[in-house]
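For reference, the structure is listed below as C-alpha cells.
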Amino acid sequence: MNRVVMLRTLLRAGVLRPGPPHRQVAQLHSLLRWGYGLGGELRQAAKRSPGAVAVIDDERGPISYADLLDRAEWVGSALRDLEVTAGRRVGLLARNHVGAIEVIAGASLVGLDVVLINTGLSPEQVVVVAEEQQLAVLIHDDEFADLVASLGAMVEVMGESALVARVAAMARQGPKPRLAPPARPGRTIVLTSGTTGAPKGAARRTPPGPSALVTIIDRIPLRTADTVLVSAPIFHTWGYAAIQLAFGLRATVVLQRRFDPAHALRSWQTHDVDAMIAIPVMLQRILDLPEQDRANARPPRVIATSGSAYPHGFATRFMDAFGDILYNLYGSTEASWVCIATPSQLRRYPDTAGTPPLGTLVRVLDDDGVQVPEGVVGRVCAHNDMVFEGYTSGESSRPVADLLATGDVGRVHDGLLFVVGRVDDMIVSGGENVYPMEVESLLAEHPAVHEACVIGVPDEAFGQRLAAFVVRRPGASLSADEIADYVRAHRARHCIPREVRFVDDLPRNATGKVLARELRALL
C-alpha cells in the first residue's frame with residue numbers, strides 16, 4: 001500500500017493526531033512489541049488514551065481503556081493457568097458484552113487461540129465444533145449452560161460468572177502476573193456460516209501493520225474517538241473486525257447483549273452514536289419499526305453493514321428514511337473484505353457490491369481463470385493482505401489464478417461489481433441456467449412481498465426447479481398464481497418458481513443469513 005496514501009488516511013481520521021509525547025512513545029513501543037492483533041490494539045489504545053472510554057456495556061456501564069486492558073490481562077492469566085496445551089484452543093460462546101472482549105483480548109495477550117462460536121448453533125453442532133477445533137476449554141455466557149451440557153467431560157466448560165469469580169479470587173491472592181509478548185500471537189478463529197453444512201474454522205490473520213485499518217477507513221469514514229454501536233455479533237467476522245477497528249481508532253464501543261431495533265434506535269441518541277456496525281437484517285428490522293418511532297431518530301454519521309446482500313431496493317428505502325449514510329462491505333470469512341459500496345454508489349445502483357478498497361484486487365474470471373469482459377458473469381476472485389490462512393481442519397481453498405475464489409458469481413457494470421449468486425446456487429432447469437438471486441430480487445419489488453428467498457430443488461422432469469418462500473406484507477393478499485404471473489411478466493419462462501410457499505418469516509442464523517436447509521425441509 002502506498003505510504004503517502006496511508007499517512008493521508010490516518011491523518012484524516014485523526015489517528016496521528018498529536019498528543020503527549022510520553023504517551024505517543026508508549027503507544028508506538030506497545031505496537032512494536034505486541035503487534036496489531038486485538039490484544040495489541042487494546043494495549044496501544046490504553047497506552048495512548050488510558051482514561052478514554054473503551055466500552056459502554058449496557059449492563060456493566062462504561063470502562064476505560066486502562067481498566068479494560070487490566071481486566072483482559074487478568075482474564076488472559078486465568079486462561080493461561082488452565083494449562084491449555086499446544087494445539088488446543090479456547091472456545092468462546094458469547095453475545096455482545098464487554099466480558100467477551102476481555103476473553104478474546106486476554107487470550108491474544110497470552111498467545112492462546114480462541115474460537116468464536118455462533119450462538120445460534122444447536123447442541124449437536126457445538127459438540128462437532130468442540131471436537132474439530134480441539135477445544136481445551138469453553139467459556140460461555142451463563143444463559144448457554146444447557147446448550148453446552150452435551151459436551152460432558154470432553155471439554156472443560158466455564159460460565160461467565162465462574163470466570164469472573166476466578167479472576168476475583170486471583171486478584172485477592174496477589175498481584176497480577178506480569179505478561180510478556182508471547183512467542184506466537186494468539187489467533188482468532190471464526191466459524192463459517194454453516195448455512196448449508198457444518199461450520200468450518202477459518203483462522204484470521206493478525207494484521208501485519210496499520211494497512212487493514214487504513215483499507216477500511218479510507219472508504220468508510222470512521223474517525224478517532226468516535227462512538228461506535230457494534231450490533232453485529234462479535235463472533236461474526238464483521239463484528240469482530242469492528243472491535244479491532246474501534247480499538248485501532250481509540251473509539252468508544254457501545255455493546256448491547258441482544259439486538260433490539262427500538263433499543264438500537266434509542267441508543268443513537270442516548271450515547272450520541274457516530275457510527276453503527278450491523279448486519280443487513282438488523283437495518284431491515286429498524287426500517288420495519290412504526291414511522292412514529294423513527295420520526296425523531298437522530299441517525300449516526302455512518303452505518304456500515306456486512307454479512308449478506310441487501311434485499312432489492314432496500315438501500316434506497318433506508319437512505320430515504322435516514323439519509324445517505326449507508327455503507328455495505330461485501331466479503332467473506334475467508335476473504336475478509338472484497339468490495340465496499342458507498343452511499344453514492346448505492347444511490348446509483350442499490351444492488352451493487354461496490355468497488356475494491358485500497359490494497360484489494362478483484363477479478364471476475366471464467367472457469368479457466370481468464371478475466372471475462374464487463375457485463376459477463378463469472379467467478380468472483382480476490383486478494384488482499386487479510387485473506388485467511390486456511391481452514392483449521394487443514395483444508396485449503398482452491399486458488400484461481402493466484403486469487404481466492406469467494407464462491408460467488410458476479411459481473412462488472414459501470415466499473416462496479418454486482419454479485420449474481422453463489423457458484424453452487426445456480427441451477428439448470430430444463431437446460432437453462434438460472435440464478436435464484438435474480439428471481440429473489442424481482443420478488444422483493446412486488447408491493448405485497450415483505451421478503452423472499454428462492455432456492456433450487458431437484459425435479460424429475462426438469463432436473464432442477466425453483467422454489468420460492470415468500471413472506472407477505474402485513475394485511476397483503478397474494479397467491480402462488482399471482483407470484484407466477486408476476487415473474488412471467490418480467491423474466492424468462494424458466495425463471496418462474498414451480499413451487500411457492502408462504503411463510504411467516506424466513507429462518508435465519510445469528511448473523512442474519514437465511515438457512516436454506518431449513519427451507520428445503522418444508523418441501
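A few comments on the model shown:
- The stretch 486-507, subset touching a residue at least 40 places away in the same chain (Cβ under 8 Å) and touching a Ser or Thr at 6+ places or on another chain (Cβ under 9 Å), residue nearest to Ser306 (Cα to Cα): Cys495
- Leu265 being more than 21 Å from Tyr330 (Cβ to Cβ) and either without any contact (Cβ under 8 Å) to a residue 12 or more places away in the chain or not in a loop (DSSP other than H, G, I, E, B) (or both): yes
- Residue within the stretch 484-492 that is of a type in the set (Lys, Arg) and closer than 23 Å to Glu432 by Cα present: yes
- Residue check, Arg422 under 20 Å from Pro311 (Cβ atoms) and modelled with pLDDT under 90: yes
- Among the residues listed as Ala203, Ala198, the single one being modelled with pLDDT under 95, surrounded by fewer than 20 Cβ atoms within 10 Å (Cβ to Cβ) and touching a Lys or Arg at 6+ places or on another chain (Cβ under 8 Å): Ala203
- Apart from one condition, Arg219 fits all of (1) in contact with an Asp or Glu (Cβ under 8 Å, 6 or more places away or on another chain); (2) closer than 30 Å to Thr342 by Cβ; the exception is (1).
- Search result, residues across the stretch 307-337 that are charged (D, E, K, R) and within 23 Å of Asn118 (Cβ to Cβ): Glu334
- Hits in the stretch 343-359 - residues which are modelled with pLDDT of 95 or more and farther than 18 Å from Ile303 by Cβ: Arg348, Tyr349, Thr355, Pro356
- Only a single item in (1) under 30 Å from Thr227 (Cβ atoms); (2) touching a strand residue (DSSP E or B) at 6+ places or on another chain (Cβ under 7 Å); (3) not small (Gly, Ala, Ser) is not met by Val137, and it is number (1).
- Residue tally, condition among the aliphatic types (A, V, I, L, M) and assigned to a helix (DSSP H, G or I), over the stretch 481-523: 6
- Condition check for Pro233: surrounded by fewer than 24 Cβ atoms within 10 Å (Cβ to Cβ) and in a loop (DSSP other than H, G, I, E, B): no
- Cross-chain or 6+ apart pairs with Cβ under 6 Å, the stretch 101-128 first and among the acidic types (Asp, Glu), then part of a helix (DSSP H, G or I) and surrounded by 24 or more Cβ atoms within 10 Å (Cβ to Cβ): Glu102/Ala72; Glu102/Val75
- Taking the criterion of being over 15 Å from Gly99 (Cα atoms) and in contact with an Asp or Glu (Cβ under 9 Å, 6 or more places away or on another chain), the only residue of the stretch 70-83 that qualifies is Leu82.
- Of all the residues in the stretch 299-317, those that are surrounded by fewer than 22 Cβ atoms within 10 Å (Cβ to Cβ) and in contact with a Lys or Arg (Cβ under 8 Å, 6 or more places away or on another chain) number 2.
- Odd one out for Val84 among (1) within 23 Å of the chain's Cα centre (by Cα); (2) touching a residue at least 40 places away in the same chain (Cβ under 8 Å): (1)
- One residue alone among Thr270, Thr316 is out of contact with any strand residue (DSSP E or B) (no Cβ under 8 Å at 6 or more places or on another chain) and either farther than 26 Å from His446 by Cα or of a type in the set (Lys, Arg) (or both), and that residue is Thr270.
- Of the listed requirements (1) surrounded by 13 or more Cβ atoms within 10 Å (Cβ to Cβ); (2) at negative phi, Glu131 misses just one: (1).
The values are calculated or read from the model by the stated rules, or taken from the named source; none is laboratory data. Note that the structure is predicted; figures quoted are calculated from it, not measured. Cβ atoms come from the backbone with ideal geometry, glycine included; neighbour counts cover every protein chain shown.
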